[in-house]
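Just below is one structure, and these are the notes that go with it.
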Amino acid sequence: MFYKHNNNYTVESVTSGHPDKICDQVSDAILDACLKKDPKSRIAVETFGGHGKLIVGGEVTSKARVNYEKIARDVYKKIGYKDKLEVLINIVTQSPDIAMGVDTGGAGDQGIMYGYATDKTKEFLPKGVVLAHNLARRLEEARKKGEIKWLLPDGKTQVTYSKGKLNTVLVSTQHEKEIPHNVIEKEITKKIINPFLSPEEKKKVKILVNPTGSFVQGGFSADTGLTGRKLMVDTYGGLFPHGGGCFSGKDATKVDRSAAYMARFVAKNLVANGYGKEALVSIAYAIGMAEPLMIEAINEKGKDLSAIVKRNFDFRPKEIIKKLGLNKPIFEQTAAYGHFGKKNLPWEKIIKLK
C-alpha cells in the first residue's frame, strides 16, 4: 500500500557538481558512448572519485571502442571543474554466467522495481520533488550563465512541507573564497529561491542558505563520490519505494533500470488515463527469466489496477527495451536532476490505454 506523505515531508536534490552525481554522469556518459556505436552493448560501470582521483571499473561487453578516460575527463570539465584529476580505468567483460541468461531475453538480475505518479503536478511527481530539482537546476543555470559569478559547481537543495504547505527551503552552494555570508544569502534568496515562491510563500516560508556559514571546498576536493549513491534524488525523494538497485552505468538488460522506467511509464499512464489521482506499480524478476514473478498496481484508494496493466503492457526485458527505445544513447541526461518528469524521455510519454 501507499506510504502517505501528503501533508508532512522533506525531500532533497543535488547539483550536477555533487561528488556522487559526477560519478553518475561519468558512468552514463560511458554507457551512451558505447550504445552510440553498438546498440547491443552490455554495460555495468561504476565510478568512484575523490581527492584528485577517479576510478572507473566494471564490466563492458561491446563492439564499441571508446576512450573511457577521455569521457570521464570531458564530463568533469563540462560540469565546471578545473582541478587536475588522476583517472584509473579497470573494466573487464561481463560474466558469462550472467550473459547466458540475458542472451535468451531474461532479466539481467533479480529484484523489485517500483514506479509512481501523481496528478499533483504537470510532471506527475510530488510537488517537493519538482521544487527541489528546480532549485538545484537553477543553481547550475545561474552559475553557467554568469548570473552569480562566485557560484561553484557543488550544491544541495532541500524542501520541507508541513500540513500540505511549503514550510522550509534550504539551499547549500559551493562558492568562491571571501564572499560574505550575507551576500550569499541575499543573492541566493533573490535569484534562486524567490522565483519559485508565491507572494504568500515569500512572507511565510523559512529560508536557509549555507547554514554552516561557508562552503568553499566542494566536489572531489571535499568529499568522495560513488555511482548510484543518490537513489532517492533519482526517483521519488524517498516518499515512495525505490527498489533494489541504482540506475546509472547500467544498460537496459539490467531490470534495475529498465523495469523501473517501465513501472514509471505505466504509473504515469494510469494517472493520465484517469485510473487514479496517484498510482504505484511494482514488478519483480528472477535473473535469467523473461516473465516477471509479480506485477502489482494500485491507486491511492488501494484499488487493484493489475488487470489493466497486464492488458496494456509487456514487462519482458526485450519488450521493454523495444517499447521505450532503451538501446539508444539517451542516458547521460538522466544522471542529474532526476530520472523522471523530463519531457523528452520515452518513459514520460503519455499514451491511450485500452
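The values are calculated or read from the model by the stated rules, or taken from the named source; none is laboratory data. The structure displayed is predicted, hence computed values, not measured ones. We place every Cβ from the backbone using ideal geometry, glycine too, and count neighbours over all the protein chains shown.
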Worksheet, complete the sentence: Conditions (1) over 18 Å from the mean Cα position of the chain (by Cα); (2) not in a loop (DSSP other than H, G, I, E, B) -> ALA263 fails only (1)
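Specify which of the listed residues (GLY228, GLY218) is among the small types (Gly, Ala, Ser), under 23 Å from LEU31 (Cα atoms) and within 25 Å of the chain's Cα centre (by Cα).
Details: GLY218 fails: under 23 Å from LEU31 (Cα atoms).
Result: GLY228 is the single residue among GLY228, GLY218 that is among the small types (Gly, Ala, Ser), under 23 Å from LEU31 (Cα atoms) and within 25 Å of the chain's Cα centre (by Cα).
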Worksheet entry | Residue check, ALA297 out of contact with any helix residue (DSSP H, G or I) (no Cβ under 6 Å at 6 or more places or on another chain), farther than 24 Å from ALA72 by Cα and small (Gly, Ala, Ser) | no
Item to complete: Write out, first by first residue and then by second, each pair whose Cβ atoms fall under 6 Å of each other, whose residues are 6+ apart or on separate chains, and whose first residue, in the stretch 168-188, is more than 17 Å from GLY218 (Cβ to Cβ) while the second is not in a loop (DSSP other than H, G, I, E, B).
Response: THR168/THR160; THR168/LYS206; VAL169/VAL159; VAL169/ILE193; VAL169/ILE207; GLU185/VAL209
Item to complete: Output the qualifying pairs, or none if there are none: Cβ atoms under 7 angstrom, residues six or more apart or on different chains, first residue in the stretch 108-137 and under 27 Å from GLY17 (Cβ atoms), second residue charged (D, E, K, R).
Response: THR121/LYS127; PRO126/LYS120; LYS127/LYS120; VAL130/GLU123; ALA132/GLU12
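State all residues of the stretch 293-347 that are in a helix (DSSP H, G or I) and of a type in the set (Lys, Arg); if no residue qualifies, say none.
Keep residues of the stretch 293-347 that are in a helix (DSSP H, G or I), which gives 306-312, 317-324, 332-334, 346-347.
The answer is LYS310, ARG311, LYS318, LYS322, LYS323.
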Worksheet item: Do you know which residues across the stretch 274-291 are crowded, with 22+ Cβ neighbours inside 10 Å and either part of a loop (DSSP other than H, G, I, E, B) or in contact with a helix residue (DSSP H, G or I) (Cβ under 6 Å, 6 or more places away or on another chain) (or both)?
Response: ALA279, VAL281, ILE283, TYR285
Practice prompt. At least 3 residues that are among the β-branched types (Val, Ile, Thr) in each: list the strands (runs of 3 or more DSSP E) lying fully within the stretch 30-141 that qualify.
Written response: 42-50, 53-61, 86-92
Item to complete: Could you list, in sequence order, all residues of the stretch 27-72 that are within 22 Å of LEU85 (Cβ to Cβ) and of a type in the set (Ser, Thr, Tyr)?
Response: SER27, THR47, TYR68
Worksheet item: How many residues does the stretch 2-28 hold that are at pLDDT 95 or above, of a type in the set (A, V, I, L, M, F, W, C) and not in a helix (DSSP H, G or I)?
Response: 2
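Take the conditions surrounded by 20 or more Cβ atoms within 10 Å (Cβ to Cβ), within 18 Å of SER27 (Cα to Cα) and in contact with a helix residue (DSSP H, G or I) (Cβ under 9 Å, 6 or more places away or on another chain) and apply them to ASP251. Does it pass? Full working, then the answer.
Numbers: surrounded by 20 or more Cβ atoms within 10 Å (Cβ to Cβ): yes; within 18 Å of SER27 (Cα to Cα): yes; in contact with a helix residue (DSSP H, G or I) (Cβ under 9 Å, 6 or more places away or on another chain): yes.
Considered against the rule, which asks whether it is surrounded by 20 or more Cβ atoms within 10 Å (Cβ to Cβ), within 18 Å of SER27 (Cα to Cα) and in contact with a helix residue (DSSP H, G or I) (Cβ under 9 Å, 6 or more places away or on another chain), ASP251 comes out as yes.
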Worksheet, complete the sentence: Note on the stretch 212-228: residues modelled with pLDDT under 95 and assigned to a loop (DSSP other than H, G, I, E, B) are THR212, GLY213, SER214, PHE215, VAL216, GLN217, GLY218, ALA222, ASP223
Worksheet item: Could you list, in sequence order, the residues of the stretch 176-207 that are closer than 23 Å to LYS144 by Cβ, part of a helix (DSSP H, G or I) and touching a strand residue (DSSP E or B) at 6+ places or on another chain (Cβ under 7 Å)?
Response: ILE184, GLU185, ILE188, THR189, ILE192, ILE193
Worksheet item: Of the conditions (1) part of a loop (DSSP other than H, G, I, E, B); (2) over 17 Å from VAL159 (Cα atoms), TYR236 fails just one. Which one is it?
Response: (2)
